[in-house]
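The values are calculated or read from the model by the stated rules, or taken from the named source; none is laboratory data. From a predicted model like this one, the values you see are computed outputs, not experimental measurements. Neighbour counts are summed over all protein chains in view; Cβ atoms, including those assigned to glycine, are modelled from backbone coordinates with ideal geometry. Ligands, DNA and RNA are stripped out before the accessible areas are found, and what is left, the full protein with its side chains, is counted by its heavy atoms. Shrake-Rupley method; radii C 1.70, N 1.55, O 1.52, S 1.80 Å.
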Amino acid sequence: MATLIHTLADHSDDVNYCAFSASCLATCSLDKTIRVYSLNDFSELPYSPLKGHTYAVHCCCFSPSGHILASCSTDGTTMVWDTGAGRMLAVLEQPSGSPVRVCRFSPDSTSLVSGAADGSVALWNTQSWKLYRSGNVKDGSLVACAFSPNGHFFVTGSSCGDLTVWDDKMRCLYNEKAHDLGVTCCDISSHPVSDGEHGFTHFQMASCGQDNQVKLWLILFADFLGVEIKYKCTLNGHSAPVLACAFSSDGQMLVSGSVDKCVIIYETSTGNILHTLSQHIRYVTACAFAPHRPLLATGSMDKTVNIWQFDLKQPCAGNIVEDESKVPVEDWSEDEVSAWLCAQGLAEFVGLFKMNNIDGKELLNLTKESLANELKIESLGLRSKVLQKIEELRLKAIAVSAAVPDEFLCPITRELMKDPVIAADGYSYEKEAMENWISTKRRSSPMTNLPLPSLLLTPNRTLKMAISRWLETHQK
């Protein structure tokens, strides 16, 4: 069930785009402004609206940490803002001076892509805010862009209907005619899909266009094959051009918005329509799922942004929604702990934890001794499993409350490393993640995609000690 819980009506012209961070929602408009709202109560932040563009703002996006917001405009610039105070950090002028239609941060926050109406693509270094590389699509305006979860490549969509794959050195790897009348938007799911047969990882991508269609694709990235885009299926339901599409953070849902004024939410595994939302009175131009909350934002030419909440039901614990980012773990109720147990495949312990009044604070303080002596969990294997899940929860709680240094995050999982190892490419990875990478018969570097001269993994004890010291200073 999707319920309309709030409508934002602050823009004075068409809403062009919506973007979420973990704590904020940003919207941009033909009225030349970007507005930023708190997800706690949908109140506008004190520094909002952000003003600086001299013409319509077409797109906005947050960096993965949420600390930086980028916006791009008909004025030929991409502006970069500090989300803490609303301060402008940089103005990036498109090399050609053409109107900028889309912008995206790379998953590791080191790069920002901007695409323009003349087909130019610019890749910016986010440390210096200097131009790193640039390129051009074959034909048409560049109107869509999406990064792969590992950051090794990104896809652009053009008004001529092409999807183009680029690597992080701005080399064109692949081109596919996707929509006859032009692409309007594209998105790549953050959850890779393994094909099981060959051990390759596919990235699931969605695109939509002026042909009224939403299409699903699989992108295969392999050393000896290069990059290949495979058509999967077409999702039907819209009766007019589709202007926006986006995956949910778990990849299980896809939302699209259309000139037919409707928003459709699909189940990606089956292509079934879960919801059709028709509250907007003009074209739906934007849609976005929140990363850690059951929220959806839809923007329209009716100058409004609608906020929808999903009734996500757990199989137990009284239908409590697991939402680690909304409520700090230490503030979880007993029911929220029960919901977390269910989500972790530990539903057998719900009754035991409830009987012992385990809330969030108690959960974080559990040890192997208390599990054995107080909760009487006799199986060593089960105790170890519970402790492992609790430790993962502790690390996530710390990561939410403090910005984790990027060098402490595994490039594959983008999570805080517990057992870092150095691979032959010179980069450090979480041991288990890199072993899994190699076990799928991949012999290339996750960072450079170049062949690994050796499969030897060396423990990075210096980095492990640095992470331990950082954790100690941020433990409560």
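See the values below:
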read-out	value
Computed [θ] at 222 nm, helices only, for the chain once each DSSP H run of length n ≥ 4 contributes -39500 (n - 2.57)	-4500 deg cm²/dmol
Segment 406-475, accessible area per residue, ligands and nucleic acids excluded (1.4 Å, Å²)	59 Å²
Among the listed pairs K368/K389; K32/K261; K389/K418, those beyond 21 Å (Cα-Cα)	K32/K261
Stretchable slack from S128 to K354, in nm (0.36 nm times residue separation minus alpha-carbon distance)	76.1 nm
Where labels lie 7 Å past Cα in the beta-carbon direction, separation of D335 and T413 in nm	3.2 nm
Nearest-0.05 FRET efficiency for E228 and R443, computed from C-beta distance (R0 25 Å)	0.85
Cα-based helix-to-principal-axis angle, 380-401 vs the chain, degrees rounded to 10	40 degrees
Extended-chain gain in nm, criterion 0.36 nm per residue less alpha-carbon gap, N436 and S384	16.6 nm
Size of charge dipole - the chain - debye, nearest 20, with Cβ of Lys, Arg +1 and Asp, Glu -1, no other charges	700 debye
Cβ-based net charge around D14, under 15 Å, with every Lys or Arg adding one and every Asp or Glu removing one	+2
Mean Cβ count within 10 Å, highest first, over the residues of peptides 346-359, 49-62	49-62, 346-359
Charge tally in the Cβ shell below 11 Å around T448, where Lys, Arg are +1 and Asp, Glu are -1, T448 excluded	-2
Note, ³J(HN,Hα) from phi for segment 456-469, Karplus 6.51, -1.76, 1.60, rounded to Hz, x at Gly and Pro	5, 10, 10, x, 9, 5, 4, 5, 4, 5, 5, 5, 4, 5
Hz values of 3J(HN,Hα) by residue in segment 31-48 - Karplus curve (6.51, -1.76, 1.60), Gly and Pro given as x	7, 6, 10, 10, 10, 10, 10, 7, 7, 5, 9, 6, 7, 6, 5, x, 7, 7
Alpha carbon centroid spacing (whole Å) that separates segment 404-420 from segment 379-394	20 Å
Nearest-ten-degree value, helix 334-343 long axis tilted from longest Cα axis of the chain	70 degrees
Solvent accessible area, Å² - W129, 1.4 Å probe, full protein context	50 Å²
Portion, in percent, of the accessible area of the chain that falls on carbon or sulfur, probe 1.4 Å	50 percent
